[in-house]
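Have a look at the structure below, then the notes.
None of the figures in this text is laboratory data; all of them are computed from the coordinates on show. All values reported here derive from a predicted model rather than from experimental measurement. Methodologically, a virtual Cβ is constructed for each residue, glycine included, from the backbone with ideal geometry; neighbour enumeration extends over all protein chains shown.
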């Protein structure tokens, strides 16, 4: 009886041992399986991450290419990079009209069977050049009774919308207000110590030298070439004038009228009492490689809206002796010289601005909405992982 009981106990112990061994083996198998799965997941994640970074490298190369060459549209195909490959597709408004001036670069990276696709949305860097009555990149010198104020041609006439404010003056360099000069607005320079208001001068707004520096880029040569290629001067001019289509010089000592269009000249000269006018309802943009000179009592779009006449120049603008102008003028490296009882309505941008001798400048506040792109400058406005 005792031996039988011992056999039963031994048998039970063996059975329990086998059960434990089986459980340990099963647990070991589960641990190994889990470890293999985790290794595979980790391995796949590493590959996916690498594919993502390869795709990102392709997208950034495409961004750099666009900044270097705005005409680039071909993309990249199966470029070897970091033991993998990337391909980049270029998408713009020709295939997706809603994009307007935005471009999408879609980059796919591949590494050891893993794939990743990302998109960069890229847009031109823009600026608003006419946010001031006058902006001089290097210098604005105001003196001898020169006055600025503002109005809004979008809302009414000068008489009904004028304010003794918002006729702001800005510079990346020096602003000097002397001898009865009067700024109906702010005077703001980006140069520390660059703004000075001398005794007898007035600035109705704030005076500062901590303004952010403003981009004043050259107008791209390609834009001048385009203007020359579609020049309206041969058909859009009427009245008293001389125009040489070979040299591009324009001269008038009488009344000349411009119809709507884009014009290209090397120089513009309005002699004493000459008048350059716009046809009713006309909108005119003029590109000038040289200078604009307005002599005694001449005028330019004097009774029209300033935003109907926009001039982009590589030279200077000189308004002398009681001349009246309603226009927008931009020159990145030239001088704007306004003096002697002239009246200017609109906005001007130049390297140097000289504003002297009882002239009046009426800034058209609606011009602050004019936007231009900076050639070659792009920015990433959105990132998307597909």
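Efficiency by 1/(1 + (r/R0)^6): what FRET value for residue 128 and residue 198, r their Cβ-Cβ distance, R0 = 25 Å, to the nearest 0.05?
After rounding to 0.05, the efficiency reads 0.25.
For the chain, modelled as a GNM with alpha-carbon contacts under 10 angstrom, which of 314, 45, 221 fluctuates the most?
45
Per DSSP H run of at least 4 residues, take -39500 (n - 2.57); add these up for the chain, divide by its residues and hand me the 222 nm value, nearest 500 deg cm²/dmol. Mind showing how you got there, number by number?
Working: 4 runs with 84 residues, N = 386.
Rounded to the nearest 500, it is -7500 deg cm²/dmol.
With a 10 Å cut-off between alpha carbons and a GNM built on the chain, which of 355, 282, 114 moves the most?
114
Among 84, 334, 181, which one shows the highest mean-square fluctuation when the chain is modelled as a Gaussian network with alpha-carbon springs under 10 Å?
Of 84, 334, 181, the most mobile in the Gaussian network model is 84.
Could you state the angle between the C-alpha long axis of helix 2-68 and the longest principal axis of the C-alpha atoms of the chain, as a value from 0 to 90 degrees rounded to the nearest 10?
Approximately 20 degrees, to the nearest ten.
Just grab the label-to-label distance for residue 333 and residue 302, each label 7 Å out from Cα along the Cβ direction, in nm (one decimal).
Once both label points are built, they end up 3.5 nm from each other.
Which percentage, to the nearest 5, of the DSSP beta bridges contained in region 76-200 is antiparallel?
60 percent
If I model a spin label at residue 226 and residue 260 as a point 7 Å from the Cα along the Cα→Cβ vector, what separation in nanometres do I get?
In this crude spin-label approximation the distance works out to 1.8 nm.
Would you work out the relative contact order for region 134-374, in percent, from Cα pairs under 8 angstrom that are 6 or more residues apart?
For region 134-374, the relative contact order is 18 percent.
Go ahead and collect, in residue order, the members of region 59-94 whose backbone nitrogen is under 19 Å from a label point 7 Å along the Cα-Cβ direction of residue 49.
Backbone N within reach: 82-85.
Would you kindly state how much longer the chain becomes between residue 373 and residue 246 on full extension, computed as 0.36 nm times their sequence separation minus their alpha carbon distance, in nm to one decimal?
Additional length available on full extension: 42.7 nm.
Quick check on the chain: of the DSSP beta bridges with both residues there, what percent are antiparallel, nearest 5%?
30 percent
Based on Cα coordinates alone, diagonalise the gyration tensor for region 111-215, multiply each eigenvalue by 5, take square roots, and list the semi-axes in whole Å, largest first.
40, 20, 9
Could you give me D for region 134-374, from Stokes-Einstein at 25 °C and 0.890 mPa s, where the hydrodynamic radius is the Kirkwood radius over C-alpha pairs? Units µm² s⁻¹, please.
In µm²/s, the coefficient rounds to 137.
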